[in-house]
């Protein structure tokens, strides 16, 4: 089990590192591409500003200069004079033709944030500055889309990873369920063969009445019950409407007789009979696992409380002990197959309990700290319909 956990831990770490490196490469390449295109667009805008300057110097344009001015691309351009008055507009979508439009100046404010302006200055022969303008431009539509490309790609990777995780998780759960069913059926089969033989011998020995024979018969009935339980876990059990009070009481009293005298059992059940659909053998098995865990946790001395509370649409069952409790970091792992803090045992008791309550009865089982002590308190929720 430890080797398997180590392997899973290493595999998860490998996937995390691989994903992290992939994300870094995507962001780095996208940033490099964005910077390269941004420089190209600025060069294009500088060329356009140079052509604009030539036009100011000499209105008699060459064909090349005129063509440059006509091809400003898709970049939004706003040109202002030295007093920040708008004198030229290109590729800007706005609904007013007034150059002092509030919306237009808001667009200009946004362009100032996107890129540094390009100066268009011209001096006369005396060195006097007669033209002092600034060209503000925004990113092209392609460059703007490229800004969202990493987010879109990361979202696709995340969704793909989530789907892959869900598929693997579902596949793993399906394999575990098959393993549970196969193990349960095989256990029931292995127990059934010697039990049939022992029942035959009991029938022969009954001719001579003896107390040991009666005790042997009780133990064999107990083995039959265990075999039947495993058989039901390996298939879908029938849920029949019946009284749950007696099942809780009988299960608790059975374990009380076989426990230390220093353990105080407290059973709190409603006087009214509570009827709901459930499988008595499997719910009894669940309670046994919880009570036995509580007895082991108290090490032969303490207080064990079994309580049932009837609600309008559900029934709450509490099994609380005064033992040493469960560490906080283990609370999320106790229902995993194979998890155990004992030197002996397979760690299947709580996992079986969870499967019985949640998978077979559509209920819920949780664990919390015992509010009255340092022990543990399990809660089972079962629906009344």
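No lab work stands behind these numbers, since they all come straight from the coordinates. As the structure is a prediction and not an experimental result, all values here were calculated from the model. In this analysis, Cβ positions are derived from the backbone assuming ideal geometry, glycine residues included, and neighbour counts consider all displayed protein chains.
Points to keep in mind about this one:
- Counting every other Cβ atom within 10 Å of each residue's Cβ, 355, 364, 258 order from fewest to most as 258, 364, 355.
- At R0 = 51 Å, FRET efficiency that the Cβ-Cβ distance of residue 103 and residue 17 yields, to 0.05: 0.55
- Extension reserve of the residue 327-residue 167 stretch, reckoned as 0.36 nm per residue once the Cα distance is removed: 54.4 nm
- Calculated FRET value between residue 90 and residue 157, using beta carbons and R₀ = 51 Å, to 0.05: 0.85
- Sorted ascending by nearby beta carbons within 10 Å, beginning with the fewest, 74, 332, 251 become 332, 74, 251.
- Evaluated at q = 0.09, 0.15, 0.16 Å⁻¹: base-10 log I(q)/I(0), Debye formula over Cα of the range 239-383: -0.25, -0.73, -0.83
- A simple spin-label model places the labels of residue 149 and residue 257 7.8 nm from each other, with each point 7 Å out along Cα-to-Cβ.
- Packing-based ranking of 155-167, 77-89, 298-310 yields 298-310, 77-89, 155-167, ordered from highest to lowest mean Cβ neighbour count within 10 Å.
- Nitroxide proxy distance, nm - points 7 Å out along Cα→Cβ at residue 130 and residue 314: 8.7 nm
- Estimated at 0.36 nm per residue, the fully extended path between residue 114 and residue 26 surpasses their Cα-Cα distance by 29.4 nm.
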